[in-house]
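Written below as structure tokens is the structure these notes are about.
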Amino acid sequence: GQNIDQPTEMTATEGAIVQINCTYQTSGFNGLFWYQQHAGEAPTFLSYNVLDGLEEKGRFSSFLSRSKGYSYLLLKELQMKDSASYLCAVTPRAGNNRKLIWGLGTSLAVNP
Amino acid sequence: GAVVSQHPSWVICKSGTSVKIECRSLDFQATTMFWYRQFPKQSLMLMATSNEGSKATYEQGVEKDKFLINHASLTLSTLTVTSAHPEDSSFYICSARQTEVGNQPQHFGDGTRLSIL
């Protein structure tokens with residue numbers, strides 16, 4: 001089957017660093033995405049990993065280990081506006097339709 | 001670039017009404033679009049994959065006669081909720097990918113909040 005696990009909730013302090021983990025077991029692997037979703041809004045794309053290693057984009061970084069079926073999203077210098085749900089999603093296979101398998105999301109609360 | 005427009009953003013209507021939601025890729029062509037629904041505090045649930053010029057592919061448990069999908073052009077897909085009932089009230093979101101090659105992310109519309117009275 002297809003399964004993606006991430007913590008349900010996390011809390012952090014403004015200015016701190018937080019790491020959101022994601023593990024996956026899928027029938028194949030053709031890339032992993034991280035999305036941010038604020039309450040009542042649609043998801044917005046944050047990052048993409050297909051090869052092992054760290055991808056850095058400003059305050060956000062994403063890491064992938066394909067052998068371990070593991071990724072994390074690292075948020076630095078947290079701001080109040082980073083309070084949102086963070087969704088991990090995997091593309092199991094290549095092909096035209098290439099639908100995503102979604103995790104349930106991690107709700108991050110940033111406190112002052 | 002990669003802007004997806006979804007309309008309407010909010011619909012309130014009586015039970016038994018059919019509701020059409022439009023999803024447009026504004027600055028790119030999308031042979032494939034995706035339709036999701038999301039209940040409060042739950043994750044995205046893929047309903048169907050919309051394919052330009054052919055029939056949509058529905059996920060297990062999604063009634064294709066209830067949720068009609070039309071993808072008549074490379075920039076427009078529509079979802080019609082037929083004879084909507086209160087249990088159909090949800091947040092419906094479409095997405096599209098900019099290209100079928102490479103690993104482009106799905107870009108989402110702003111979503112449609114549907115409330116059936």
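No other cysteine beta carbon under 4.7 Å away is the test; run it over chain B and list who passes. Cysteines of chain B left without a disulfide-compatible partner: B:C13. Between B:K14, B:K64, B:K41, which gets the highest mean-square fluctuation from a Gaussian network model of chain B, Cα cutoff 10 Å? Highest fluctuation among the options: B:K41. The length gained on full extension between A:A109 and A:Q79, counted as 0.36 nm times the residue separation minus their Cα-Cα distance, comes to 9.8 nm. Shielding value for A:102-109 is 2, the average number of Cβ atoms from other chains within 10 Å of each residue's Cβ. Hey, in the GNM for chain A with a 10 angstrom Cα cutoff, which one of A:S27, A:S67, A:S47 fluctuates hardest? Highest fluctuation of the listed residues: A:S67. Pairs of Cα atoms in chain B fall into 5 Å distance bins, from 0 up to the last occupied one, in shares of 2, 13, 23, 25, 20, 10, 4, 1, 0 percent.
Within 10 Å of the Cβ of each residue in A:33-42, the mean number of Cβ atoms contributed by other protein chains is 4.
Listed by chain and number, the lysines placed with their C-alpha closer than 29 angstrom to that of B:K20 are A:K99, B:K41, B:K55, B:K64, B:K66; residues fewer than eight positions away on the same chain are left out. Sites listed here are GluC sites (Glu not before Pro) in the stretch B:18-94 whose DSSP assignment is loop and whose Cβ has at most 15 other Cβ atoms within 10 Å: B:E59, B:E63. Approximating the spin labels as points 7 Å out from Cα along Cα→Cβ, the B:A72-to-B:K41 distance works out to 4.1 nm. Of all the options B:G16, B:G53, B:G61, the one that moves most in a Gaussian network model of chain B with Cα springs shorter than 10 angstrom is B:G61. Taking label positions 7 Å along the Cα-Cβ direction at both B:S115 and A:T11, the computed distance is 3.1 nm, reported to one decimal.
Compute the FRET efficiency between A:R66 and A:E41 as 1/(1 + (r/R0)^6), taking r as their Cβ-Cβ distance and R0 = 30 Å, and round to the nearest 0.05. Mind dumping the intermediate values first?
Details: r = 31 Å, r/R0 = 1.03.
Efficiency computed from Cβ-Cβ geometry: 0.45.
Normalising by the residue count of chain A, find the relative contact order in percent from Cα pairs under 8 Å and 6+ residues apart.
Values: 287 pairs, mean separation 40.6, N = 112.
That works out to 36 percent.
For the pair B and A, how large is the buried accessible area, both sides, in square angstrom to the nearest 100, if the probe is 1.4 Å?
Values: alone 6490 and 6260 Å², together 11040 Å².
Its buried surface, counting both partners, is about 1700 Å².
Report, as a whole number in µm² per second, the diffusion coefficient that Stokes-Einstein gives for the protein assembly as shown at 20 °C and 1.002 mPa s using the Kirkwood radius over alpha carbon pairs. In µm²/s, the coefficient is 118.
The values are calculated or read from the model by the stated rules, or taken from the named source; none is laboratory data. A quick note: this is a predicted structure, and the numbers were derived from the prediction, not measured. Counting neighbours? That spans all protein chains shown, and the Cβs are built from the backbone with ideal geometry, glycine included. Each accessible area value is taken on the protein alone, full model and side chains, heavy atoms only, with ligands, DNA and RNA left out. Shrake-Rupley method; radii C 1.70, N 1.55, O 1.52, S 1.80 Å.
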